[in-house]
Amino acid sequence: MVYFAGLVGLLLILTAEARIGNSSESSFCTESRECLLYDLVCKNDDYNYEVRHYDSVKWVSTDEECYFMDKAMYTAFGRLFKYITGSNEAGVNIDMTTPVTVKIEEKKRMWQSSVFTLNFLLPSDYQMTPPQPSDDRVYFTEMPDMKVYVRSYGGWMMSLTSSVNFMLLKRQLDKVQATYNKDYHYAVGYDSPMKILNRHNEVWYMVEGEPVCPTSS
């Protein structure tokens, strides 16, 4: 029984490490040691989106209600950065990983504020037993095994660029009659503010049902 429990634990650790791998395995991750990995389901250049499969992984998260993503990210980033630089019950420093994701509620009205949830991916060493946060506004999120529709773009991830790209992705998904979760989307960034060239950002919508993968013309 002890052997079996140990084997199960080892398999769980290997599963976590298999999907949070060395950044050299991804062309997007150039500034961190570890990166979130995925399986490409399909890609269509005519419609400018792709479908990816991600395994379930754990993130450290915090919420901020605001009218603009930029201001929310500034406040939330500082909160999570304190967590990974020792503001946790173990007092340990935790490596930064990529990407950083922002879960954004879809606005019902233009003048309505949104809740922005900023997420740092926990490294493979801390996927099973991360240290508890010292700040009660910081918590852990278990992102489910999922498929996502992804649109990529360069430059800087800001309120304007993110909004333009999620609307473009939404338009393409509606055009091919794809079903997806319309309550929220993700803004996804891979680069630090210090990086100037070859920046990579994404917007995600979560697939509902079977993903739609049109063939290229």
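Since every read-out is calculated from the coordinates, none of them should be taken as a lab result. Just so it is clear, the model here is predicted, and its values are computed rather than measured. All Cβ positions, even for glycine, are placed from backbone atoms using ideal geometry, and neighbour counts span all protein chains on display.
Overview of values
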item: HN-Hα J in Hz across segment 92-99 - Karplus 6.51, -1.76, 1.60, θ = phi - 60°, x for Gly and Pro; result: 9, 8, 10, 4, 6, 10, 10, x
item: Spin-label pair Met167/Thr75, simplified geometry with 7 Å Cα→Cβ offset, distance in nm; result: 2.5 nm
item: Extent along principal axes [Cα atoms of segment 159-210; Å; largest to smallest]; result: 39, 18, 17
item: Estimated inter-spin distance, Asn48 and Ile196, nm [label 7 Å along Cα→Cβ]; result: 2.7 nm
item: Those Cys residues of the chain for which no other cysteine Cβ falls under 4.7 Å; result: Cys66
item: In sequence order, calculated HN-Hα J values of segment 188-194 (Karplus, 6.51, -1.76, 1.60; Hz; x Gly/Pro); result: 10, x, 10, 10, 6, x, 6
item: From phi via Karplus (6.51, -1.76, 1.60), per-residue ³J(HN,Hα) for segment 23-34 in Hz, x at Gly/Pro; result: 5, 5, 7, 10, 6, 7, 9, 10, 10, 10, 6, 10
item: Relative contact order (%) - the chain, alpha-carbon pairs under 8 angstrom, separation at least six; result: 24 percent
item: Candidates Val164, Val207, Val148: whichever shows maximal mean-square fluctuation once the chain is modelled as a Gaussian network with Cα springs under 10 Å; result: Val164
item: Gain upon complete extension [Asn93, Phe140; 0.36 nm per residue less C-alpha separation]; result: 15.3 nm
item: Percent of Cα pairs exceeding the 26 Å cut-off, where the set is the chain; result: 37 percent
